[in-house]
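Chemist: Dropping a structure here in C-alpha cells format, bear with me for questions.
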Amino acid sequence: MEQNLSQYRIFYEVAKSGNISRAARELFISQPAISKAIGKLEDSLDTVLFTRNSRGVQLTEEGALLFEHIRKAFDELALGEQELRKFKDFHMGHIRIGVSNTLCRFIMLDYLKGFIEKYPHIKITIESQSSTHTLTMLEQQRIDIGLVAEPKTQKNLRFIPVTDIQDIFVATPSYLTNLRLREGEGADVFQVGNVMLLDRENITRRYIDDYMSVNHIVANNLLEVTTMDLLIEFARIGLGIACVIREFVEDDLRSGRLVQVKTDAQIHKRTVGFAYMPGRMSQAVGTFARFVQNAQG
C-alpha cells in the first residue's frame, strides 16, 4: 500500500458523508486540505474517485469499489479498538502457570483464589509437573510464570519470593518404636529403616541427596516416590521415614500423628516463589506478578 493511511481515512469520511465540508468538521481539518488529499489519492491511483454536484460529492464506480474495501478495513480497526478497550477495562488476558501438584495444593491455591476474585476475566491455565520441568518450560516460553523453589542459577529469570520451606524427616511413632524393637535402640534408623524420598527428577530430591552426602547419611532401603502428597500419605500409614516439607505436615506434627526424626545437622530452609522471564511479560502476567508482590507487602 503506497498511499498514506490518512488519505484513506479522509476518503472514507468524505465517501460516508457525501460532503467535503461535513467531512472537514468530522476530521477537524480544513476543506482545502481535504480536497488536496483526495486529489493526491486520485493521482496516485490514476483514478477519479468522486464526481462533484450541487449537493456535494458522489462516488464514481471505481470510488465505490475502493470504498467497499476501505469500509471493511476501518470496521475491522474499530472492532479491534473496541476489543482492546474491553480487554483493558475488564483486565482480560491469559496466563499459563507451571507448578508441581504439591506447591499448587499448599501454596498456589491461596494466591489463585485471591487473584481470581479480583481479576475474574483473566483466563488461567495450569501446567502441573515437576519444578524441573516448569523451569524448562519457562526457558522455552511454553508457560508464562512458574511456582518453584528458588533455583541456584536464575539465568534470565526474575524471582518473586513468597515463603520459606523446611525439609525434615518424619515417621509415625509406632513405626519408629517397632523399628527400634526389631533392630535395637542404638541402630541407625536411616540405615535399617525404609527411607522414602522423591524421585531423582525432582529438584527437592537433588537437594536432599546433597544434604545426605555431606552429612554421611546412608539409606540402605530406599523407596522413591513421585509426589510429595504420596510421601506424606506413606509416612502417615507407617510405611517408613519420609523426607517431607514441614509446613505441609504441621497438623500431623501437632497432633502427634507424625514425629520428626532428628538428624545431627538441620536441613537449610529453601525459598519458594514465582519465576518468570521479565522481557516477555503480557499485561495479564504483569498484573499477576504485581498481585503477588503486593500480597507480600
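We did not get these values from a lab; they are worked out from the coordinates using the rules stated. No experiment lies behind these values; they were computed from the predicted model shown. Positions of Cβ are generated from backbone atoms using ideal geometry, with glycine treated the same way; all protein chains shown enter the neighbour counts.
Chemist: Would you grab the residues whose amide H sits under 5 Å from the one on L258? Only those 5+ places off in sequence or on another chain, please, with H modelled 1.01 Å from N.
Modeler: Those qualifying (amide H under 5 Å, at least 5 residues apart or on another chain) are L253.
Chemist: As an exercise, take the mean of 1/r over every pair of distinct alpha carbons in the stretch 167-268, invert it, and state the Kirkwood radius in angstroms.
Modeler: Computed over the stretch 167-268, the radius equals 13.6 Å.
Chemist: Right, another one. Please list, by residue number, every one of the trypsin sites (Lys or Arg not before Pro) in the stretch 12-81 that is coil in DSSP and has at most 11 other beta-carbon atoms within 10 Å.
Modeler: Those that pass, being in a loop and sparsely packed, are R55.
Chemist: Sticking with this structure for a sec: Of I29, I208, I126, which is the most mobile in a GNM of the chain whose springs link Cα atoms less than 10 angstrom apart?
Modeler: I29
Chemist: Given springs between every Cα pair under 10 Å in a Gaussian network model of the chain, which of D252, D209, D75 has the largest fluctuation?
Modeler: The residue with the greatest mean-square fluctuation here is D75.
Chemist: Next question. Against the longest alpha carbon principal axis of the chain, how many degrees, from 0 to 90 and to the nearest 10, is the axis of helix 61-89 turned?
Modeler: Roughly 30 degrees, rounded to the nearest 10.
Chemist: If amide H atoms are built 1.01 Å from N in the plane of the peptide, which residues on other chains or at least 5 residues away come under 5 Å of the amide H of L49?
Modeler: Under 5 Å from the amide H of L49 lies no amide H from a residue far enough along the sequence or on another chain.
Chemist: Check the straight Cα-Cα distances from K123 and name the lysines below 27 Å, setting aside those fewer than 8 residues away within the same chain.
Modeler: Excluding near neighbours in sequence, the set is K86, K88, K113.
Chemist: For labels at S30 and R52 in the simple 7 Å Cα→Cβ model, what's the distance in nm?
Modeler: For the pair S30/R52, the computed spacing is 1.7 nm.
Chemist: Label N156 and E76 with points 7 Å out from Cα along Cα→Cβ: what is the distance between them in nm?
Modeler: The answer from the label model is 3.1 nm.
Chemist: Return the percentage of antiparallel bridges among DSSP beta bridges fully within the chain, rounded to the nearest 5 %.
Modeler: Of all bridge pairs located within the chain, approximately 55 percent are antiparallel.
Chemist: Sticking with this one: When the Karplus curve 6.51 cos²θ - 1.76 cosθ + 1.60 is applied with θ = phi - 60°, which whole-Hz ³J(HN,Hα) does each residue of the stretch 127-137 get, with x for Gly and Pro?
Modeler: 9, 9, 6, 5, 5, 4, 5, 4, 5, 5, 5
Chemist: E139 to N101: FRET efficiency via 1/(1 + (r/R0)^6), r the Cβ-Cβ distance, R0 30 Å, to the nearest 0.05?
Modeler: Efficiency, from the Cβ-Cβ distance: 0.90.
Chemist: Toward the positive end of the charge dipole of the chain, about the Cα centre and with charges on Cβ (Lys, Arg +1; Asp, Glu -1), which of L179, A15, I70 goes farthest?
Modeler: A15
Chemist: Starting with the fewest neighbours, write out R96, R200, R257 ranked by other beta-carbon atoms found within 10 Å of each beta-carbon.
Modeler: R200, R257, R96
Chemist: Another question, then. Under 5 Å between amide H atoms, partner at least 5 residues away or on a different chain: which partners does L198 have, H built in plane at 1.01 Å?
Modeler: Hits under the 5 Å cutoff: V225.
Chemist: Test of understanding: what is the full-extension gain from D264 to E61, defined as 0.36 nm times their sequence separation minus their Cα-Cα distance?
Modeler: On the way: separation 203, 0.36 × 203 = 73.08 nm, distance 9.19 nm.
63.9 nm is the gain from fully extending D264 to E61.
Chemist: If you don't mind, there's one more thing I want to ask. What's the extension gain from L222 to R182 if we count 0.36 nm per residue and subtract their Cα-Cα distance? The partial results should precede the final answer.
Modeler: Details: separation 40, 0.36 × 40 = 14.40 nm, distance 1.84 nm.
So the chain would gain 12.6 nm between L222 and R182.
Chemist: What are the ³J(HN,Hα) values, in whole Hz, obtained from phi via the Karplus relation 6.51 cos²θ - 1.76 cosθ + 1.60 with θ = phi - 60°, for each residue of the stretch 233-247 in sequence order, with x given for Gly and Pro?
Modeler: Residue by residue, the stretch 233-247 yields 5, 5, 5, 4, 8, x, 7, x, 9, 10, 8, 10, 8, 3, 4 Hz.
Chemist: Report, ordered by chain and residue number, the lysines lying within cross-link reach of K36, taken as a straight Cα distance under 19 Å and ignoring same-chain residues fewer than 8 apart.
Modeler: Excluding near neighbours in sequence, the set is K16.
Chemist: Testing the spin-label approximation: label points 7 Å from Cα along Cα→Cβ at R290 and N215. State their distance in nm.
Modeler: The two pseudo-label positions are separated by 4.3 nm.
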